[in-house]
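Accompanying notes for the structure given below.
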Amino acid sequence: MAKKKILLVDDSRTALLMEQMILRQTAHQTILANDGAEAVDKALAEKPDLILMDVMMPRLGGFEAVRELRRREDTRSIPVIMVTTRGEAENVEAGFESGCNDYLTKPIDSGALLAKVREFLGE
């Protein structure tokens, strides 16, 4: 069975490293992007099974990137979980309005992240 792909999107190397360390407990392949524009390009090229997306990033922020992914036929159905320090109610609401499927706040709770990953990948 092919490994499922998870696209990790964050402009912080530390955050990407933390997510990778947590996801090592699973058998998934991780793909990295450093901003929303790169995330859209990699999602189109790699067709990940799940995307973990930060909000505040250069070039193209997370909310804008999710809106772009939802506009495109071939990436519209990929589940996106926002993973961000921006946990205020208005940001959570903006995330869901942009089209994300779920929302987690940093610092990352590894158990919560793994539970969400399993839920969205049907494991």
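The numbers here are math on the coordinates, done by the rules we state, and not lab data. Because the structure is predicted, anything quoted here is derived from the model rather than measured. Neighbour counts run over all protein chains shown; Cβ positions are idealised from the backbone, glycine included.
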So what are the ³J(HN,Hα) numbers for segment 26-41, from phi and the Karplus equation (6.51, -1.76, 1.60; θ = phi - 60°), rounded to whole Hz, Gly and Pro as x? 10, 9, 8, 8, 10, 10, 10, 9, 9, 6, x, 5, 5, 4, 4, 4
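Taking other Cβ within 10 Å of each residue's Cβ, how do SER98, SER77, SER12 sort, fewest first?
Values: SER98 21, SER77 8, SER12 15.
Ascending number of Cβ neighbours within 10 Å: SER77, SER12, SER98.
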Whether segment 20-104 is rounded, prolate or oblate, judged on the alpha carbon gyration tensor where a/c under 1.5 counts as rounded: oblate
For LEU104, list long-range residues whose amide hydrogen, built 1.01 Å from N in the peptide plane, is under 5 Å from its own amide hydrogen. MET82, VAL83, THR84
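Taking segment 1-101, which GluC sites (Glu not before Pro) meet the DSSP loop condition and have no more than 13 other C-beta atoms within 10 Å? Intermediate values should be presented prior to the final figure.
Working: sites: GLU19, GLU38, GLU46, GLU64, GLU68, GLU73, GLU88, GLU90, GLU93, GLU97; in loops: GLU73, GLU88.
In loop regions of segment 1-101 (DSSP not H, G, I, E or B), the sparsely surrounded GluC sites (Glu not before Pro) are GLU73, GLU88.
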Taking Cα centroids, how far is segment 1-50 from segment 72-99 in Å? 16 Å
In segment 66-95, which trypsin sites (Lys or Arg not before Pro) are in a loop and have at most 16 other Cβ atoms within 10 Å, using DSSP for the loop call? ARG72, ARG76
